[in-house]
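Nothing in this text is a laboratory measurement; each read-out follows from the coordinates by a stated rule. Worth saying up front: this structure is predicted, and the values here are computed from it rather than measured. Cβ coordinates were reconstructed from backbone atoms using ideal geometry, including for glycine residues, and neighbour counts include every protein chain displayed.
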Amino acid sequence: MNPERIIFIACDDIAYHEDNPFPGEIFNEPTGDNVYDPDIIDYRGDQVNAETFMAVMMGDKKAAGGGKVLRSTIEDNVFLFFVDHGAPGILAFPGPDEKHPFSFFYADQMMDTLEYMYTHRMYKDMLIYVEACEAGSMFVDLPDDMNIYAMTASDEEVSSWAIYCDEEAIIEGKDLGTCLGDLFSINWMTDVLLHSGKDRNLYAQYEFVKNETAENEALDRKGSPVCVYGDMNLQERDLVHNFIGNGQEEGKS
């Protein structure tokens, strides 16, 4: 995909954190490669907040501080992936200081943003994936007639869970003392890689991710109930590569 059609918002506080034994590198699986590339981040640090996020999504360059914003039209598909903490009715952004480590993006703000994009014809179809605890609470009021399909790591009440923790969080013999990834996110990315270049629809990906993310007593693994919201017609109609991966460039954003 054309890099100009990707907007990357990240705190960028991991790679050079004092607790990272691999300065300038980030790993999201035990045997994986470094995934950190500072040059592809468009917004970082104190630019990462709900106001900037909404401005980027609504194409308001002035409100976004002059940075890259969405320029999609009714001819484009849009994919949004959000990952952070969550709670019922909110998603978290970084706070202004150590005493206030979080600021919040509310479900009604999400709906306002999506309704603006819909009425201003800023997409053909939109796919949204959200990794956060109680992520489903952000989409309980999402209409089924706006060509938007959202898949969330959990429902409105349950936490989502990390993966590659404890003894699995070891890179080149060094214990990172954290978890390397999130279960839902690792699963949907794995599905994309497994079916790269194939005509896999959104429903097939949902079924895979739902099953792989669910709590599994046999594996002694905590999990969460993956949920979908919005226009269910997109499940069968749209292919994953229309939004992610190696699909045709035309008509993608």
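Listed cross-link partners Lys61/Lys210; Lys61/Lys124; Lys174/Lys222 are compared with a 29 Å cut-off, the Cα-Cα value being larger for Lys61/Lys210. Normalising the Debye intensity of the stretch 1-136 to I(0), with uniform scatterers on Cα atoms only, and taking log10 at q = 0.08, 0.11, 0.16 Å⁻¹ returns -0.24, -0.45, -0.96.
Cysteines in the chain that lack a partner Cβ within the 4.7 Å cut-off: Cys11, Cys133, Cys227.
Scale the Cα Rg of the chain by the rule-of-thumb value 2.2 N^0.38 Å and send over the ratio, two decimals.
Here the answer is 1.00, to two decimals.
Our coupling estimate for the stretch 226-235, obtained by passing each phi through the Karplus curve with A = 6.51, B = -1.76, C = 1.60 and θ = phi - 60°, is 5, 10, 10, 9, x, 7, 6, 4, 5, 4 Hz, Gly and Pro reported as x.
When each of Leu219, Leu127 is scored by the number of other beta-carbon atoms lying within 10 Å, the sequence from fewest to most is Leu219, Leu127. Using just its DSSP H runs of length 4 or more, each adding -39500 (n - 2.57), the chain gives a mean residue ellipticity at 222 nm of -6000 deg cm²/dmol after division by all residues.
Farthest toward the positive end of the dipole of the stretch 3-242, out of Val83, Asn233, Gln47, is the Cα of Asn233, where the dipole comes from beta carbon charges about the Cα centre. Ranked by the mean number of other Cβ atoms within 10 Å of their residues, highest first, the peptides 95-102, 76-83, 38-45 fall in the order 76-83, 38-45, 95-102. Dimensions of the stretch 1-61 from C-alpha coordinates, computed as largest minus smallest value along each principal axis and given longest first, are 39, 28, 17 Å. Ranked for footprinting exposure by Cβ neighbours inside 10 Å, fewest first, Glu212, Glu115, Glu18, Glu236 give Glu18, Glu236, Glu115, Glu212.
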